[in-house]
Amino acid sequence: MSVSRKGVTGGSALRPANPPDLDVWVGRAGEEALSEVDEIAREALPEHWSRAQLGQSLRAGYELRVCRFQGRIVAYLLSQDVVDETHIMQLAVRRAWRRRGMASVLLQCLKRDKRHQRAICLEVRASNEAARALYLRRGFELLARRPGYYQPRAGKLREDALLMRCAL
Ligand SMILES: CC(C)(COP(=O)(O)OP(=O)(O)OC[C@H]1O[C@@H](n2cnc3c(N)ncnc32)[C@H](O)[C@@H]1OP(=O)(O)O)[C@@H](O)C(=O)NCCC(=O)NCCS
């Protein structure tokens, strides 16, 4: 799927909000994308998976969606279908590309592709205000709190997870 002011090919009109005329391609990717995904994960996620774990996850049926600008991956979303729900396992955006609608357009792409499922679910660190704001803005609701779900990071205590869900 391609998104730009010139039009959209191969899908419905997903459009990064800011700026609105970026020529960003959004869609599925495979193992060829993993070097860049690994680079983004290392920058963005406290508990990133190794390149090998990412590869195993794709071979086990996880799905990868990416945003590309001029061929370069600027954001990705890794998900897994579990019966009639889709779980977001990872979502990350290159730092320089944040607040430009990349995560929103990936969520929109996932919702469109998974409209046959019952819901999309995820866990997010209670302290991750950017992600919480994103998910609430994009139609997720808070379902539950899981105390001490995340391992402690250097010098910090275990952290609660928030379980969020978006009905499809
Ligand atoms: C969280 C993250 C994925 C958001 O990606 P993004 O592409 O910047 O998000 P979007 O531009 O689509 O933002 C959509 C909305 O979410 C909210 N939002 C996003 N980032 C925010 C922030 N830092 N502070 C407050 N609200 C924020 C806003 O409502 C925003 O809309 P607006 O820009 O019109 O105000 C990105 O910050 C990131 O990669 N963080 C590190 C990895 C991470 O925490 N992943 C989530 C793990 S569950």
Cβ-defined net charge surrounding Asp81, 10 Å radius [Lys, Arg +1; Asp, Glu -1]
-2
Using the Kirkwood radius over Cα pairs, work out the Stokes-Einstein diffusion coefficient for region 66-168 at 25 °C and 0.890 mPa s, in µm²/s as a whole number.
169 µm²/s
Rough spin-label spacing in nm, given labels placed 7 Å along Cα→Cβ, for Ala52 and Ala133:
3.9 nm
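Please identify every one of the trypsin sites (Lys or Arg not before Pro) in region 45-83 that sits in a loop by DSSP and has no more than 16 other beta carbons within 10 Å of its own beta carbon. Could the numbers behind the result be given before it?
On the way: sites: Arg51, Arg59, Arg65, Arg68, Arg72; in loops: none.
Answer in residue order: no site qualifies.
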Suppose we keep just the DSSP beta bridges with both residues in the chain; what percent of those would be antiparallel, to 5?
90 percent
Glu43-Arg115 FRET efficiency (beta carbon distance; Förster radius 45 Å; 0.05 resolution):
0.90
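Laboratory data are not the source of any read-out in this text; all were calculated from the coordinates shown. As the structure is a prediction and not an experimental result, all values here were calculated from the model. Counting neighbours? That spans all protein chains shown, and the Cβs are built from the backbone with ideal geometry, glycine included.
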